Amino acid sequence: MKFLVINGVNLARTGKREKGVYGEESLEKINAELAAFAAAHGHEADFFQSDVEGELCARLGQAEGRYDGVVLNAGAYTHYSIALRDAIAGISVPVVEVHMSNVFAREAFRRTSVLTEVCRGEVLGFGKNSYKLALESFWL
Ligand code: DQA
């Protein structure tokens, strides 16, 4: 199977920002590990990051017919982007929502996701392993 891992706003700074929350590893390193994890299970993964909401929506649209699944950490857009929600609802590719941190143990505004309802499922709170668990959900 072929998967697309999408990271949204501010996630390019993983490993540099709020290390106590998101860890010390860079997104490049996390993605390299994920690519190896997918390959070890006979699958393939592509990666995309953008801070721009519209670019994330466009990339989701382009996933149609190209991928078997999408793993999406939309960052703060999770909490209010109706555009991203509509982009997910508008494709038949299943999307799994991911958060590295336990958003329910943080500020109240992080407890709302406008995306979960249109996603296949959600994985949160396991640091970089949230991405692995989300990927794995497609072949378990
Ligand atoms: C995040 C949680 C969001 O609330 C936050 O805005 C992020 C990262 C996470 O991975 O835990 O940027 O999606």
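The values are calculated or read from the model by the stated rules, or taken from the named source; none is laboratory data. These numbers come from a predicted model, not from an experiment. Positions of Cβ are generated from backbone atoms using ideal geometry, with glycine treated the same way; all protein chains shown enter the neighbour counts. Please note that ligands, DNA and RNA were not included when accessible areas were found on the heavy atoms of the full protein model with its side chains. Shrake-Rupley method; radii C 1.70, N 1.55, O 1.52, S 1.80 Å.
Give me the percent of accessible area attributable to carbon and sulfur for the chain, probe 1.4 angstrom. That fraction is 51 percent. Excluding ligands, DNA and RNA, the accessible surface per residue across the chain is 47 Å² with a 1.4 Å probe. Under a Gaussian network description of the chain, with springs only between Cα atoms under 10 Å, the residue in Ala89, Ala105, Ala39 that fluctuates furthest is Ala105. When Lys and Arg each count +1 and Asp and Glu each count -1, what net charge do the other residues less than 15 Å away from Lys128, Cβ to Cβ, add up to? So the surrounding residues net to 0.
As a length-normalised measure over Cα pairs under 8 Å and 6 or more apart, the relative contact order of segment 1-119 settles at 30 percent. Note on Glu64 and Lys19: the extension gain reaches 12.8 nm, defined as 0.36 nm multiplied by sequence separation minus the Cα-Cα distance. In the chain, excluding the sites themselves, the longest stretch lacking any of the GluC sites (Glu not before Pro) that are in a DSSP loop with at most 10 other Cβ atoms within 10 Å is 25-106.
Normalised by 2.2 N^0.38 Å, where N counts its residues, the alpha-carbon radius of gyration of the chain equals 0.95. Per-residue 3J(HN,Hα) values for segment 5-12, derived from phi via the Karplus relation 6.51 cos²θ - 1.76 cosθ + 1.60 with θ = phi - 60°, read 9, 10, 10, x, 4, 6, 6, 5 Hz in sequence order (x marks Gly and Pro).
Charge tally around Ser137: other residues with Cβ under 13 Å, Lys/Arg +1 each, Asp/Glu -1 each, net -2. Entry note, the chain: the mean residue ellipticity at 222 nm calculated from DSSP H runs of n ≥ 4, each adding -39500 (n - 2.57), is -9000 deg cm²/dmol after division by the residues and rounding to the nearest 500. When only the Cβ of Lys, Arg, Asp and Glu is charged (+1, +1, -1, -1), the dipole of segment 2-139 relative to its Cα centre reaches about 300 debye. Over all other residues within a Cβ to Cβ distance under 12 Å of Asp68, the charged ones net out to 0, with Lys and Arg as +1 and Asp and Glu as -1.
Just to confirm my numbers, what's the Cα centroid distance between segment 48-111 and segment 1-40 in Å? Computed from Cα coordinates, the inter-centre distance equals 15 Å.
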